[in-house]
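S.K.: Questions regarding the structure given below will be posed in turn.
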Amino acid sequence: LMFFGIFLCLDAFLYVFTLLPLRVFLAMFRFITLPCYGLRDRRLLQPAQVCDILKGVILVICYFMMHYVDYSMMYHLIRGQSVIKLYIIYNMLEVADRLFSSFGQDILDALYWTATEPKERKRAHIGVIPHFFMAVLYVFLHAILIMVQATTLNVAFNSHNKSLLTIMMSNNFVEIKGSVFKKFEKNNLFQMSNSDIKERFTNYVLLLIVCLRNMEQFSWNPDHLWVLFPDVCMVVASEIAVDIVKHAFITKFNDITADVYSEYRASLAFDLVSSRQKNAYTDYSDSVSRRMGFIPLPLAVLLMRVVTSSIKVQGVLAYVCVVLFYCGLISLKVLNSIVLLGKSCQYVKEAKMEEKLFNPVLTATPGKPAGKQQSMFKSTQGISTDENGATSVTNQPVHQKENTPSLLVTSNSDQFLTTPDAEEKDISQDSSELKHRSSKKDLLEIDRFTICGNRID
């Protein structure tokens with residue numbers, strides 16, 4: 001589950017550097033050449049193209065704003081603090097990072113929806129402006145927060161007695177105390193697993209930034225890389241050890257079998273497969289953000305800022321190397337997407353969730369009319385809500401009575417999907433007809449062009 005989740009985060013992260021610039025270029029090309037096509041569909045741009053341009057503009061603005069933040073001054077300011085104070089600051093930064101990720105996804109979702117929703121009046125287009133400035137401010141502040149986190153880790157690496165690094169690694173074992181002795185249900189454990197995946201991937205990027213900054217200070221001497229290597233291994237090993245111990249005791253104390261992690265993996269695979277269909281509700285990177293709390297934009301802005309300030313590009317050969325490196329990143333992104341899609345199809349088939357993928361038929365549950373539930377499904381666009389309006393992360397199988405007509409239980413990209421129980425095999429004639437009709441389809445019929453494009457129609 002951890003390996004699969006980390007490669008999902010890597011896919012969404014590489015998308016920002018590789019395919020997003022190409023999609024922004026194509027969207028701008030369509031906008032410039034619009035008089036040649038004419039306004040046949042009354043839309044200047046498609047909704048997916050509007051979202052791509054917004055992401056690209058936010059990245060560029062925040063990248064130039066980050067140039068006004070002095071990394072060296074921040075490093076010496078943090079280095080002058082005491083060890084205990086830095087330990088407290090690092091803990092506060094971890095909590096703030098989770099809160100920023102949760103709130104930031106709501107800001108970006110509001111921006112994308114406001115920019116792409118149908119407008120009845122021309123004055124309604126002005127509502128995009130405040131949402132856009134809020135999104136730029138969020139990405140900038142979150143990038144600064146991650147920069148302070150990376151700087152604190154860099155100070156810990158360069159301290160003489162490594163006392164700060166030891167204290168920060170011991171903080172991971174405090175996490176065991178806060179989670180092991182609490183009661184956990186399956187959906188809570190799923191949220192914790194997603195949070196651990198996101199945290200581990202973020203730590204890998206932070207370690208990459210620390211290594212880049214240290215190598216720059218030592219004029220890219222390869223011998224210094226072996227000096228950093230033991231500390232990097234200690235950070236990674238402590239994260240893995242803490243996660244293993246934490247999940248082992250949580251499943252032991254709460255009487256949860258280890259098979260539940262294959263269900264979690266099938267749920268993440270279902271998100272990926274459903275977002276690759278031709279008529280997907282959301283972009284895949286946004287789906288990962290909602291599920292794991294991982295937002296690639298601030299991390300990408302910080303990495304671009306560090307790389308451009310650490311590596312100087314001079315001469316024709318250097319620019320050729322940059323172009324080749326970019327082509328290599330695109331190849332890695334496409335290869336990663338193809339392998340992930342193949343593995344996801346395999347996991348979805350093993351979990352017997354193909355019918356839920358190809359037949360998103362919404363059923364009327366006892367006590368609710370079908371029309372009301374269908375309108376709720378259309379309004380949320382893939383986000384399930386209960387009667388009180390609260391977002392539901394999981395969707396457990398519903399055991400219906402014999403006299404109730406049972407149809408196929410739907411599942412969209414934001415619902416947790418469990419493998420069917422033996423009791424769910426007892427379905428009605430209507431459901432069997434749907435299943436027979438969908439048996440001719442296969443996961444290989446998924447639109448392959450969306451592998452590179454993440455297209456939303």
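The values are calculated or read from the model by the stated rules, or taken from the named source; none is laboratory data. As the structure is a computational prediction, the values presented were derived from the model and not from experiment. Cβ coordinates were reconstructed from backbone atoms using ideal geometry, including for glycine residues, and neighbour counts include every protein chain displayed. These accessible areas exclude ligands, DNA and RNA; they are computed on the full protein's heavy atoms, side chains included. Shrake-Rupley method; radii C 1.70, N 1.55, O 1.52, S 1.80 Å.
S.K.: In segment 340-358, how many are surrounded by 14 or more Cβ atoms within 10 Å (Cβ to Cβ) and assigned to a helix (DSSP H, G or I)?
M.R.: Of the residues in segment 340-358, 13 are surrounded by 14 or more Cβ atoms within 10 Å (Cβ to Cβ) and assigned to a helix (DSSP H, G or I).
S.K.: Is there a residue in segment 313-325 that is more than 20 Å from A12 (Cα to Cα), more than 22 Å from the chain's Cα centre (by Cα) and of a type in the set (S, T, N, Q)?
M.R.: Yes, there is a match, as at least one residue in segment 313-325 is more than 20 Å from A12 (Cα to Cα), more than 22 Å from the chain's Cα centre (by Cα) and of a type in the set (S, T, N, Q).
Residues are listed down the side, and each one gets a yes or a no for (1) of a type outside the set (G, A, S); (2) open to solvent by less than 40 Å² (accessible area, probe 1.4 Å); (3) modelled with pLDDT of 90 or more:
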| site | (1), (2), (3) |
| --- | --- |
| V273 | yes, yes, no |
| D283 | yes, yes, no |
| P298 | yes, yes, yes |
| V307 | yes, no, yes |
| Q314 | yes, no, no |
| C321 | yes, no, yes |
| L324 | yes, no, yes |
| C327 | yes, no, yes |
| I338 | yes, no, yes |
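S.K.: Ok, one more. Counting only residues that are open to solvent by 60 Å² or more (accessible area, probe 1.4 Å) and among the aromatic types (F, W, Y), how many does segment 235-261 have?
M.R.: Summing the residues that are open to solvent by 60 Å² or more (accessible area, probe 1.4 Å) and among the aromatic types (F, W, Y) in segment 235-261 gives 2.
S.K.: Specify which of the listed residues (G127, G178) is modelled with pLDDT under 85, within 30 Å of F253 (Cβ to Cβ), part of a helix (DSSP H, G or I) and open to solvent by 10 Å² or more (accessible area, probe 1.4 Å).
M.R.: It is G178.
S.K.: Identify the single condition in (1) within 28 Å of G56 (Cβ to Cβ); (2) touching a residue at least 12 places away in the same chain (Cβ under 8 Å); (3) out of contact with any Phe, Trp or Tyr (no Cβ under 8 Å at 6 or more places or on another chain) that S163 does not satisfy, given that it satisfies every other one.
M.R.: (1)
S.K.: Which residues, taken from segment 66-122, are among the basic types (K, R) and open to solvent by 90 Å² or more (accessible area, probe 1.4 Å)?
M.R.: Those that are among the basic types (K, R) and open to solvent by 90 Å² or more (accessible area, probe 1.4 Å): R79, K85, R98, R121, K122.
S.K.: A further question on this structure: For segment 161-175, give me each residue that is open to solvent by 30 Å² or more (accessible area, probe 1.4 Å) and in a helix (DSSP H, G or I).
M.R.: S163, T166, I167, S170, F173, V174, E175
S.K.: Exactly one condition in (1) aliphatic (A, V, I, L, M); (2) surrounded by fewer than 19 Cβ atoms within 10 Å (Cβ to Cβ); (3) under 22 Å from T152 (Cβ atoms) is false for V210; which is it?
M.R.: Failed condition: (2).
S.K.: Would you pick out the residues in segment 252-277 that are under 25 Å from the mean Cα position of the chain (by Cα) and polar (S, T, N, Q)?
M.R.: The answer is S262, S267, S274, S275, Q277.
S.K.: Still on this structure, I have one more. Can you go through L10, L59, L1 and tell me which one is in contact with a Lys or Arg (Cβ under 6 Å, 6 or more places away or on another chain) and either of a type in the set (A, V, I, L, M) or open to solvent by 20 Å² or more (accessible area, probe 1.4 Å) (or both)?
M.R.: The match here is L1.
S.K.: Which ones in segment 130-144 are closer than 14 Å to L93 by Cβ and surrounded by fewer than 17 Cβ atoms within 10 Å (Cβ to Cβ)?
M.R.: Within segment 130-144, just L141 meets the criteria.
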